[in-house]
1. Of the conditions (1) in a helix (DSSP H, G or I); (2) open to solvent by 10 Å² or more (accessible area, probe 1.4 Å), TYR845 fails just one. Which one is it?
2. Suppose we filter LEU883, LEU865, LEU858 for residues that are hydrophobic (A, V, I, L, M, F, W, C) and over 35 Å from the mean Cα position of the chain (by Cα); which single one remains?
3. Hey, any hits in region 546-555 for a residue that's assigned to a helix (DSSP H, G or I) and either without any contact (Cβ under 8 Å) to a residue 60 or more places away in the chain or polar (S, T, N, Q) (or both)?
4. So which residues in region 586-613 are touching a Ser or Thr at 6+ places or on another chain (Cβ under 6 Å) and among the hydrophobic types (A, V, I, L, M, F, W, C)?
5. Consider ILE307 carefully, then state whether it is open to solvent by 20 Å² or more (accessible area, probe 1.4 Å) and modelled with pLDDT of 85 or more.
6. Looking at this structure, is LEU874 more than 21 Å from TYR611 (Cα to Cα), open to solvent by 10 Å² or more (accessible area, probe 1.4 Å) and modelled with pLDDT of 90 or more?
7. Does any residue of region 601-617 turn out to be among the acidic types (Asp, Glu) and under 19 Å from TYR643 (Cα atoms)?
8. Criterion first (more than 23 Å from GLN164 (Cβ to Cβ) and either buried (at least 22 other Cβ atoms within 10 Å of the Cβ) or modelled with pLDDT of 50 or more (or both)) does ASP68 satisfy it?
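The values are calculated or read from the model by the stated rules, or taken from the named source; none is laboratory data. All values reported here derive from a predicted model rather than from experimental measurement. Cβ atoms come from the backbone with ideal geometry, glycine included; neighbour counts cover every protein chain shown. The accessibility values were calculated without ligands, DNA or RNA, using every heavy atom of the protein model including side chains. Shrake-Rupley method; radii C 1.70, N 1.55, O 1.52, S 1.80 Å.
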Amino acid sequence: MLGTRHIRVYISILAALCIGACVAGIWIFLKGSQRRGTSSQHVPANDPKAILAEANHYAFLSNSYRADPLYAKAEKMFRERGDKRDELYAKIGRLRAEAETMSFVKLSDFLESQLATPLVQKDPKLKLWCLSAKGMTDIEVNVPAAKKDWQEAELLASTLKERQWEARAQGELGLIAFLQGKSLKAGQLVGGALLSAIKSGDIGAEVRYLELIGNGLEVQGRSEDAQYFFSRAINVAKSCKDCGFPYMAYEGKGEALTAFGKTNEARTALTECLGTARREQRTGHEAQTLILLGKLSLQTGNTTEAIEEMEEAAAIAGKYNYYRMDADDLFDLAKIYEEHGDLAEAEKRLTAARDVSMRLGDRYSLPRDLTALARLEVRLGKSQEAERLYDEAEDVVDSVVLNAPGPYSGGSFVGEASDTYLGDFELTAQTNNVNRAFRALERARGRIIEDALEHRAPHEHTDSPAYARIEGAISRVQLQLMRSEDPHERQQLLENLEEQEQRLAYLNDVNLPRETLRLWQPPKLREVRDTLVPDEVILEYVLDEPRSFCLSISHDDVQITKLDAGRREIEDLTERYLEQVRALKPASDLARKLYSVLLSPVPSLAGKKHYVVVPDGKLYFLPFGALKDSSGQYVVKSVDVTYVPSASVLEVLKEQENNHPLTRAFLGVGDVVYSPPNSNSISGRILRGLYDLAGVHQLRNLPASKKEVINADRALGGTGSVVLLGPKATILKLETEPLGDFSVLHLAVHSIPSTEFPTRAALVLDRSPGSNQAGLLQEWQIIDLSLNADLVTLSACDTGVGKLEGEEGVTDLADAFLFAGAKSVVASLWESDDEYTAALMQQFYRHLAQHEDKDIALQQAKLDLIQEYGGDALPFYWAGFILEGEGSSPVTIP
């Protein structure tokens, strides 16, 4: 029995699980109740074999409540008849059905002893039954032992041609692989097991994996998506009259409703679950539901009731050796005690939680426990012990990232572990240990991109029919979304899109062979400083409460500056500033306030003309060049600003040599026809972009993009340039070009940003005639391009906007091009005006043609625009374009 929070299914394994879910969606809705398992005949009261078969029927449907008395009856009858083999078989079934009323450790010991007997050793089917029971037991108390159980069970099931047992063994081995940090292998095993469960009609396994998908989404904070899978699991279970109560789905539903703030509905669902668990004596689910009720009570302000519920859960978990559940409960209790000032009790609980996670070998919960304990040790004045705990937690995170199947998988887990690195930085900031502070930040920030840049390998592709079908399905659904104005239809399309994307993620991250990430250590601080010129400074921001920090790194100095504002205040100022800018207001007061908070306190800025910003949180969306100093001057008038995911990424980009000669100067794409010329009745400025899939009605044409691309090509000059305009501006045409030969790529097209699902973000090109593609160049496709470009310009709105992944940073379209091999990317933070953008880009390329460095060229282009338009040049028109990556060199012009 694995409860709601016990399998912490992050994005890597979730992709694998959802490949089966999308198929399940079709089968479930088409076949409905006709495929649901039911008992087909009356069981003779005096036939123990028939009774045993009926018990197995219920057990396979996860209905231990009805299976238990049948096993007990069959066991007694076999004993009376002297049938030791079937007596033992029925006893094992009964013990598994009653597992939540006894010690898992004692049950495991009993099963181990039976496996050593001649009776079991000589009977392959009895041995398989015993191994599977022990595997389900050991996963709660001894993961390595469970792995051994299921490996042996899988081999034996294969020999016996017991396909459902073989599939279940593979699924359990997938969960174990995940717990041990091997998410690539986990994805392959669990994804295949779910498909097998559906095809073979193994409804019990199907419900189990649907519940686990929901759990994984809930862990990621995607409660709305999680509800979709919980509802599926509940519906499948309800459509089968013999199925057991879907506890995990109800527990997950309660947790999701709590996250939505629907506390009354959450309590109703959890109370129903608790009552059923007590009636059926499912003590594990009783404890799990009590934990969730405790968290609900805490959210509604009833601390006393919360402690009572969670202490009751801890007592049950401890009594029956539910180690994994015990670890989670102890962790939550420690937080409550700490918040109420009982640090000694909190330390005791956290130490116990850490010990349980270590005993289980749970690499996903252990960093959480170690980090919380480290923070507590700091409060208790034990700084050295805290440093040791942080080191241990970061090493465990490294071990998980090493096994990530793809870039987003590893990045997501680093994002989940942000508290570890932030806590380590806070501790070192107190002692002004700049080397350790730098190391803590760099182990988290931009590490996935840095690894991809340092160890670039030829991209693998698959031309399988399945891959092509899924690509086509995604494009068709995206196109329907753009055109749909029906909210109900859009919701169905979004659900369909999510499933198709997870299927493709499975093929990309699991089926395609990828190099495993290397054991990575950030560069030495001195090495980074040596790459900087005297008037250049890196500003690494750390947003925290009650005060934030700025780690400033220059060639001659490193300092940690405490800022006079915390995360909430800084992010509130940033949101209000951006709101005013997007409303075409100057936002001068907020620009000065942000300057006084973020830049004015940093002493190492004197004499510096090049700022390289490593943002944190919502600072990723702030144009530092548009802030105003105390005299009211824009920062851009005296300083150029670039952005990087981390100082390590900058160091790699600066030191990286391009072994592929750039023989072509420019590739430009624009003038895509998105709608009939006369269909747009809105005059004035034309907004570029598609903001969020949930709000799209139509895409407007970008009439200035043709001139923009042509002018950029002419300004830059050089040889071998290619311009794809109008009907030629398709993905097919783009991909047939030798992209690795071009120095500059310029895409003046619409974009689809996605702040929730990175792989959904896309650039919108024209549709190839006769193709199923909707013209969407999505983020996962961009990553697999082979680029060597000095510069990629994304002349589209919101290309620098994406999903915040904690200390790992923002996942956006600009990052995708860095993954693909570009040294720098010009991207936008908001919707851009067609006319002003064309003017800005013309000046930008004029300066690039004069062999100015990329960062200076963009700075000068903005100043040219401000000078030309004067008071009309509000920040909205020029400040949104930023340069990410290495900007301190000119572009190559062949």
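1. In the conditions (1) in a helix (DSSP H, G or I); (2) open to solvent by 10 Å² or more (accessible area, probe 1.4 Å), TYR845 misses (2) alone.
2. The unique qualifying residue is LEU865.
3. Within region 546-555, none of the residues are assigned to a helix (DSSP H, G or I) and either without any contact (Cβ under 8 Å) to a residue 60 or more places away in the chain or polar (S, T, N, Q) (or both).
4. VAL602, VAL612, listed by residue number.
5. Taking the combined requirement at face value, the residue satisfies it.
6. The answer is yes for LEU874.
7. yes
8. no
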